[in-house]
Amino acid sequence: MSRRLFIAGNWKMNLDCAGAVGLAKGLVEQIGSVVEVDLAVAPPMVYAAAVGEAIKGSRSALAAQNMFYEDNGAFTGEVSGAMLKDVGCTHAILGHSERRHVIGETDEMVNRKVVKALGDGLKVILCVGELLDQREADKTADVVTTQVRVGLEGVSAGAMSDVTIAYEPVWAIGTGKTAMPEEAQEVHAMIRGLLGDMYGVEASQATVIQYGGSVKPSNAGELLGQPDIDGALVGGAALKATDFVGIVQAGIGIRK
Ligand code: PGA
């Protein structure tokens with residue numbers, strides 16, 4: 001089955017408003033009318049509306065880097081799914097490793113966010129991935145299985161068409177270390193098998209599984225060439241339009 005490639009840029013806590021809008025405009029210009037790949041950018045939340053305006057009518061969707069699981073109320077500093085939609089977001093990245101390991105989100109919190117975001121009509125990119133010591137202790141499959149199972153609790157097979165999984169080994173994020181394509185493929189295949197157990201073969205075959213962790217134009221081709229790697233969640237390299245577009249082009253090249 002051929003799944004569409006989905007490449008998303010996670011800008012994290014970088015840029016100022018002018019820089020974010022400039023990057024968005026540069027992307028729109030360079031990406032043009034490419035139709036082979038689904039695209040999204042996730043700017044810092046305060047710049048989402050401005051970036052949304054800059055990418056209007058382009059091929060790129062607007063994503064949030066996080067979301068809270070309540071509609072409104074006394075949750076200082078948090079942003080709801082309805083608020084995200086209000087400023088033009090169609091996607092939310094949830095369970096990113098920096099939120100899990102720096103901010104302290106648990107699998108249960110991530111699950112509440114996933115269920116709420118889908119209920120609010122947002123598409124979800126659910127991030128999973130093991131720490132270095134977990135990989136070295138041979139715990140990768142256990143950790144990722146728990147993150148997928150708990151993260152998707154209460155999500156139906158039908159709703160899975162709005163879910164992308166991003167496998168991001170934490171030791172490869174922002175470190176310049178990339179998982180070997182075969183190493184990544186092994187985990188992607190494991191995740192797809194797990195989704196098959198949870199949702200059946202059809203849903204698991206249709207689910208897009210992105211890889212993330214130091215993806216750049218020079219390594220994107222071999223990663224995206226793996227049978228179960230259907231896209232990329234890009235951090236550092238998404239901050240330069242030419243690098244992000246280089247990754248998109250590598251993906252298109254490999255699919256031809
Ligand atoms: P990186 O980040 O590409 O800078 O490693 C990826 C991510 O955290 O999504």
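The values are calculated or read from the model by the stated rules, or taken from the named source; none is laboratory data. Being a predicted model, the structure only gives us computed values, none of them experimental. Note: ideal-geometry Cβ built from the backbone for every residue, glycine included; neighbour counts use all protein chains shown. Surface accessibility is based on the protein's heavy atoms, side chains included, excluding ligands, DNA and RNA. Shrake-Rupley method; radii C 1.70, N 1.55, O 1.52, S 1.80 Å.
Any chance you could check the Cα centroid distance between region 232-250 and region 1-66 for me, in angstrom?
Each part reduced to its Cα centre gives a spacing of 11 Å.
So, with a 1.4 angstrom probe, what is the percent of accessible area on region 5-255 that is carbon and sulfur? Before the final figure, lay out each step's value.
Details: 5590 of 10480 Å².
The C+S portion of the solvent-accessible surface of region 5-255 is 53 percent.
Might you report the magnitude of the Cβ-based charge dipole of region 5-255 about its Cα centre, with Lys and Arg at +1 and Asp and Glu at -1, to the nearest 20 debye? All intermediate terms of the calculation are to be shown ahead of the outcome.
Working: 19 positive and 31 negative charges, 129 e Å.
Computed charge dipole of region 5-255: roughly 620 debye.
Could you work out the Kirkwood radius for the chain, taking every pair of different alpha carbons, averaging 1/r and inverting it, reported in Å? Walk me through the intermediate numbers first.
On the way: mean 1/r = 0.0555 Å⁻¹.
In the chain this quantity evaluates to 18.0 Å.
Per residue, what accessible area does region 5-255 have, given a 1.4 Å probe and all protein chains present, in Å²?
Details: 10480 Å² over 251 residues.
Ligands and nucleic acids excluded, the figure is 42 Å² per residue.
Under 16 Å between C-alpha atoms is the cut-off here; go through region 5-255 and count lysine pairs that meet it, provided they're at least eight residues apart or on different chains.
10
Below 8 Å between Cα atoms, with a sequence gap of 6+, how large is the relative contact order for the chain in percent? Walk me through the intermediate numbers first.
Details: 492 pairs, mean separation 51.8, N = 256.
20 percent.
Using +1 at the Cβ of each Lys and Arg and -1 at the Cβ of each Asp and Glu in the chain, identify which of SER58, VAL114, VAL102 lies farthest towards the dipole's positive end.
The Cα lying farthest towards the positive end belongs to SER58.
Which whole-Hz couplings ³J(HN,Hα) result when phi for each residue of region 166-183 is put into the Karplus expression 6.51 cos²θ - 1.76 cosθ + 1.60, θ = phi - 60°, listed in order with x for Gly and Pro?
10, 8, 10, x, 4, 5, 9, 8, x, 9, x, 8, 10, 5, 4, x, 5, 5
Quick query: amide H of GLY231 versus all other amide H atoms, modeled in the peptide plane; which residues come in under 5 Å with a sequence gap of 5 or more or a different chain?
PHE6, TYR211
Tell me, what HN-Hα J-couplings in whole Hz come from the Karplus equation 6.51 cos²θ - 1.76 cosθ + 1.60 at θ = phi - 60° for each residue of region 30-47, using x for Gly and Pro?
Values per residue, Gly and Pro as x: 7, 7, x, 10, 3, 10, 7, 10, 7, 10, 8, 10, 10, x, x, 3, 5, 9 Hz.
What aspartates and glutamates does LYS256 reach when the alpha-carbon gap must be under 17 Å and sequence neighbours fewer than 8 apart in one chain are set aside?
Those aspartates and glutamates meeting the cut-off are GLU36, ASP38, GLU222, ASP228, ASP230.
What is region 20-65's relative contact order, in percent, from Cα pairs under 8 angstrom and six or more apart in sequence?
Once divided by the residue count of region 20-65, the mean separation gives 49 percent.
By per-residue mean of other Cβ atoms within 10 Å, what is the highest-first order of 63-69, 79-85?
The most tightly packed comes first, giving 63-69, 79-85.
Taking amide H positions as placed 1.01 Å from N in the peptide plane, with prolines and chain starts having none, which residues 5 or more places from THR175, or on another chain, fall under 5 Å of its amide H?
SER214
Tell me what the chain gives for mean residue ellipticity at 222 nm when only DSSP H runs of n ≥ 4 count, each as -39,500 (n - 2.57), the sum divided by the residue total, rounded to 500 deg cm²/dmol. Intermediate results must be reported in sequence, preceding the final value.
Values: 10 runs with 107 residues, N = 256.
Value at 222 nm, helices only, nearest 500: -12500 deg cm²/dmol.
In debye to the nearest 20, how big a dipole does region 131-219 give about its Cα centre with +1 on each Lys and Arg Cβ and -1 on each Asp and Glu Cβ?
Numbers: 6 positive and 12 negative charges, 47 e Å.
Computed charge dipole of region 131-219: roughly 220 debye.
Name the long-range amide H neighbours of THR164: under 5 Å, sequence gap of 5 or more, or other chain; modelled H, no Pro or chain starts.
So THR164 has HN proximity to VAL124, ILE125, LEU126.
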